[in-house]
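See structure below.
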Amino acid sequence: MTVRITGLTRRFDDRTVLDRLDLTIGEGEFVALLGRSGSGKSTLLRVLAGLDSGTESAELTLPAEVAAAFQEPRLLPWQRVWRNVVLGLDVPDRKQLAERALAEVGLAGHARAWPLTLSGGEAQRVSLARALVREPKLLLLDEPFGALDALTRVAMHDLVAGLWTRHRPSVLLVTHDVDEAIKLADRVLVLSAGRITHSAVVDVGRPRAADDHRVAGLRTELLAELGALEPAH
């Protein structure tokens, strides 16, 4: 397993956000995490990214190489795009490394651009390049497509799927979008009341058609788990 978490608890004052949560992610596995707003999805991701150290009574096994991309690309506007990609890396040939990563996400020739000249989709591609250039064993994606228009989102889905196929990191994608989760993931989890309450394996080959009866059935199952549909009897 790339990730193994046992008994993870996170409280904010008197509110328990994560309640003795257990989670495993296999090597090279793509996992999507669904849940209502405020269910603790982003808190869990922040814990895994090392950005939240206020947890209690947890056993965590994580790889040393973890990288994250968030809904906001968080680029430094006073740094050229290539410098944003290798920000914090102390390696030889930093610019060449950044240029290779940018080419892989479809931004060849953008190395010397300023972040403020990029579209939303381009900025998110830079964020992905910044994550991938670190060659992570675990890639954390916190609703990275949420602010994009529908056409750009579809293109980003295809980009992420292709990058995952080539590099094979373990991935945890936090999303509100059931269709997005089914399209991309090997396994879809539902987080509710601070725990993983449902796990569904997406046993459908890629690419996945929305009208495939297995996809439609899984979509209904997950929507029911999220309380958006009445469960079937």
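Within segment 84-96, work out how many residues are surrounded by 17 or more Cβ atoms within 10 Å (Cβ to Cβ) and in a helix (DSSP H, G or I). Steps first, please.
Step one: filter segment 84-96 for residues surrounded by 17 or more Cβ atoms within 10 Å (Cβ to Cβ), giving 84-86.
Next cut, in a helix (DSSP H, G or I) only: 84-85.
Residues meeting the conditions: 2.
Answer with yes or no whether residue 27 is more than 21 Å from residue 202 (Cβ to Cβ), charged (D, E, K, R) and touching a residue at least 40 places away in the same chain (Cβ under 8 Å). Break it down stepwise before answering.
On the way: more than 21 Å from residue 202 (Cβ to Cβ): no; charged (D, E, K, R): yes; touching a residue at least 40 places away in the same chain (Cβ under 8 Å): yes.
Spelling it out, it is not the case that residue 27 is more than 21 Å from residue 202 (Cβ to Cβ), charged (D, E, K, R) and touching a residue at least 40 places away in the same chain (Cβ under 8 Å).
In the set 226, 139, 172, which member is in contact with a Pro (Cβ under 8 Å, 6 or more places away or on another chain) and within 30 Å of residue 11 (Cα to Cα)? Walk me through how you get there before you give the answer.
Numbers: 226 fails: in contact with a Pro (Cβ under 8 Å, 6 or more places away or on another chain); 172 fails: in contact with a Pro (Cβ under 8 Å, 6 or more places away or on another chain).
The conditions single out 139.
Is it true that residue 83 is farther than 17 Å from residue 167 by Cβ and at pLDDT 95 or above?
yes
State whether the residues of segment 174-186 include one that is hydroxyl-bearing (Ser, Thr, Tyr) and touching a Gly at 6+ places or on another chain (Cβ under 6 Å). If you could, list the steps in order and put the result at the bottom.
Our first condition is that a residue be hydroxyl-bearing (Ser, Thr, Tyr); within segment 174-186, this holds for 175.
Filter again for touching a Gly at 6+ places or on another chain (Cβ under 6 Å), leaving none.
The answer is no, given that none of the residues of segment 174-186 is hydroxyl-bearing (Ser, Thr, Tyr) and touching a Gly at 6+ places or on another chain (Cβ under 6 Å).
Looking only at segment 36-65, how many residues end up being at negative phi, small (Gly, Ala, Ser) and surrounded by 15 or more Cβ atoms within 10 Å (Cβ to Cβ)? First the steps, then the outcome.
Our first condition is that a residue be at negative phi; within segment 36-65, this holds for 36-37, 39, 41-49, 51-56, 58-65.
Then drop every residue that is not small (Gly, Ala, Ser), which leaves 37, 39, 42, 49, 53-54, 58, 64.
From what is left, the residues that are surrounded by 15 or more Cβ atoms within 10 Å (Cβ to Cβ) are 39, 42, 49, 58.
Residues flagged as at negative phi, small (Gly, Ala, Ser) and surrounded by 15 or more Cβ atoms within 10 Å (Cβ to Cβ) within segment 36-65 amount to 4.
Read through the list (1) modelled with pLDDT under 85; (2) aliphatic (A, V, I, L, M); (3) crowded, with 21+ Cβ neighbours inside 10 Å, then give the number of the only condition that residue 32 fails.
(1)
Scan segment 46-62 and report the pairs whose first residue is under 18 Å from residue 25 (Cβ atoms) and whose second residue is loosely packed, with under 11 Cβ neighbours inside 10 Å, with Cβ atoms within less than 7 Å and a gap of 6+ or a chain change.
Going by the 7 Å Cβ cut-off, there are no qualifying pairs.
If a residue must be in a helix (DSSP H, G or I), of a type outside the set (Ser, Thr, Tyr) and within 12 Å of residue 172 (Cα to Cα), how many such residues does segment 32-61 contain?
Keep residues of segment 32-61 that are in a helix (DSSP H, G or I), which gives 41-48.
Next, from what is left, pick out any that are of a type outside the set (Ser, Thr, Tyr): 41, 44-48.
Next, only the ones that are within 12 Å of residue 172 (Cα to Cα) stay: 41, 44-46, 48.
Looking only at that region, the number is 5.
Answer with yes or no whether residue 140 is within 21 Å of residue 88 (Cα to Cα) and buried (at least 17 other Cβ atoms within 10 Å of the Cβ).
Numbers: within 21 Å of residue 88 (Cα to Cα): yes; buried (at least 17 other Cβ atoms within 10 Å of the Cβ): yes.
Answer is yes for this residue.
Which of the residues belonging to segment 138-187 are within 19 Å of residue 103 (Cβ to Cβ) and among the charged types (D, E, K, R)?
Hits for segment 138-187 are 158, 166.
The values are calculated or read from the model by the stated rules, or taken from the named source; none is laboratory data. All figures in this text were calculated on a predicted structure; none of them were measured in a lab. Here Cβ is always computed from backbone atoms with ideal geometry, including for glycine, and neighbour counts include all displayed protein chains.
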